[in-house]
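Colleague: Have a look at this one.
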Amino acid sequence: MKVTISDVARLAGVSTATVSHTINNTRYVSGDTKEKVYQAIRQLGYTPDASARSFRTGKKRTIGFIVPDISNKFFGTIIESAENVLSAEGYHLIIANTKENMDREETNLRLLTAGLVDGLLVASTMEDFARLDGLIPAGFPVVLVDRTFDSQKYSSVSVSNFQPIYRSVCRLAAQGARRIGVVGGLPRLSTTKERIAAYRAAMKDCGLPLDENLILYGDSMENSAPPCLDRLLERGCDAILVCQGLMASVTIAYLRGKGIQPRRDLELVSFVDYDTHAYEFYYDQVDRIVQPVVELGKIAGEQILLRVEKPDAPVAERVLTSAYRPWGEGEAGQE
């Protein structure tokens, strides 16, 4: 049986009008009362009928963007690029930060689809597509950004890094590296799964033994890189691939602090997720995999506008490709 606004009001001990005002932010509601309403929404799994509300009130010309880490410049660049597209069409953007926490994402999905926005861009941290899908009202415009699922129910725009990673590992092997370690992001993410699969395939095709102890995972935050690096160094790696931009951004400085010089002491492949001029100081030291971040955000903005304006448009899957830049090939400009 579908949970109604009356059920939420009853559990929260307030009127249905108060629940409506809390969800739609149409009248002042005290903080304590809001918390009671939100707690009831979470407990009951209530999803408001966003399509009916849109019919009554019309479009709000606002898009929501759920991101896993707003402090990560990768997502900051995507947000800025998408917002440029949206603002040119008279739309505003609301940002929700999940901090790679699935429960926070669930809360934000419920609130934003409750009539606050016309559509959603989602860089999901969910492990289970069914959980994400169950939180989105039928017909609600959604575009998945960067992180995707096997199901093709929603339009998506993402970046494939399989070939660049495969090429980088093969190049390291050709240069004589034998113990190539890899640092990935959160294991549950589609981006991490693809990157580790590319590493495994390249190791096999290059005739190198696959040591599972050389495959480590961080939490996609910069502070998780150093412990992974320490373990790989202890395990005798002669090359390391850091395949997540925020973690890669601290790698050079950390290794230098330990007296380790890339190329001289260790081969290194680094992801570059944003303005590559920040990497100039070690362009001549590492191989780089440069993601087309600006283009990713631009297409995401275009796709969500299409879904909002034409809800019946076919589901579209856009896949971009990163650029592999071996050291010595010059500057890796913004893709």
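The values are calculated or read from the model by the stated rules, or taken from the named source; none is laboratory data. Just so it is clear, the structure is predicted and the values come from calculations on it, not from any experiment. All Cβ positions, glycine included, derive from the backbone under ideal geometry; neighbour counts span all protein chains shown. All accessible areas refer to the heavy atoms of the entire protein, side chains included, with ligands and DNA or RNA removed. Shrake-Rupley method; radii C 1.70, N 1.55, O 1.52, S 1.80 Å.
Colleague: How far apart, in nm, are the 7 Å Cα→Cβ label points at His92 and Asp238?
Modeller: 5.9
Colleague: Follow-up. Taking the simple approach of a point 7 Å from Cα along Cα-to-Cβ for both Arg42 and Ala197, what is their distance in nm?
Modeller: Inter-label distance under the simple model: 3.4 nm.
Colleague: Cβ neighbours within 10 Å, averaged per peptide: list 84-93, 292-301 in order, most packed at the top.
Modeller: 292-301, 84-93
Colleague: Could I have the simple spin-label model distance between Asn84 and Asn101, label points 7 Å from Cα toward Cβ, reported in nm to one decimal?
Modeller: Calculated label separation equals 3.3 nm.
Colleague: Further, regarding this structure: So which lysines can Lys204 reach, going by Cα to Cα under 18 Å and dropping same-chain residues fewer than 8 places off?
Modeller: Reachable lysines: Lys193.
Colleague: Separate question: Sort the following peptides by mean Cβ neighbour count (other Cβ atoms within 10 Å, averaged over residues), highest first: 304-315, 215-226. Intermediate values should be presented prior to the final figure.
Modeller: Numbers: 304-315: 15.6, 215-226: 18.9.
Ranked by mean Cβ neighbours within 10 Å, highest first: 215-226, 304-315.
Colleague: Could you order peptides 238-246, 120-128 by the average number of other Cβ atoms within 10 Å of their residues, highest first?
Modeller: 238-246, 120-128
Colleague: Any idea of Thr192's accessible area? Nearest 10 Å², probe 1.4 Å.
Modeller: Roll a 1.4 Å probe over it and Thr192 shows about 10 Å².
Colleague: Of all DSSP beta bridges located in the chain, what percent are antiparallel, nearest 5?
Modeller: The antiparallel proportion sits near 10 percent.
Colleague: Moving on to the next point. Using 10 Å bins from zero, what percent of all Cα-Cα pairs in the range 1-150 falls into each bin?
Modeller: Reading upward from the zero bin: 11, 39, 36, 13, 1.
Colleague: Okay, next question. Can you quote the Å³ per residue value for the convex hull of the Cα atoms in the range 136-253, rounded to an integer?
Modeller: 113
Colleague: Further, regarding this structure: Under a 5 Å amide H to amide H cut-off, with H placed in plane at 1.01 Å, what residues pair with Ser220 once short-range neighbours are removed?
Modeller: Those lying under 5 Å, H to H, from Ser220 are Leu186.
Colleague: Taking a cut-off of 18 Å between Cα atoms, list the aspartates and glutamates near Lys310, but don't count ones fewer than 8 places away on the same chain.
Modeller: Candidates past the 8-residue exclusion: Glu89, Asp118, Glu302.
Colleague: Put +1 on the Cβ of each Lys and Arg and -1 on the Cβ of each Asp and Glu in the chain; which of Asn223, Ile41, Ile299 then has its Cα farthest toward the positive end of the dipole?
Modeller: Ile41
Colleague: Once every DSSP H run of n ≥ 4 in the chain is given -39500 (n - 2.57) and the sum is divided by its residues, what mean residue ellipticity at 222 nm do you get, rounded to the nearest 500 deg cm²/dmol?
Modeller: Per the formula, -12500 deg cm²/dmol.
Colleague: Which residues does a label at Lys2 reach in the range 129-143, if reach means a backbone N under 16 Å from a point 7 Å past the Cα toward the Cβ?
Modeller: 134-140
Colleague: Another question, if that's okay. Can you tell me the dipole magnitude for the chain around its Cα centre, using point charges on the Cβ only (Lys, Arg +1; Asp, Glu -1), in Debye to the nearest 20?
Modeller: 700
Colleague: Please give the FRET efficiency for Glu309 paired with Lys204, using the beta carbon to beta carbon distance and R0 = 45 Å, rounded to the nearest 0.05.
Modeller: Details: r = 46 Å, r/R0 = 1.03.
After rounding, the FRET efficiency stands at 0.45.
Colleague: Would you please give the residues with an amide H less than 5 Å from that of Arg147, counting only those at least 5 places away or on a separate chain, with H modeled from the backbone geometry?
Modeller: Ser124
Colleague: Given N residues in the chain, what is its alpha carbon radius of gyration divided by 2.2 N^0.38 Å? Please list the in-between numbers first.
Modeller: Numbers: Rg = 22.4 Å, N = 335, 2.2 N^0.38 = 20.0 Å.
Its radius of gyration relative to the 2.2 N^0.38 Å reference: 1.12.
Colleague: Taking a cut-off of 24 Å between Cα atoms, list the lysines near Lys36, but don't count ones fewer than 8 places away on the same chain.
Modeller: Straight-distance partners of Lys36: Lys2, Lys99.
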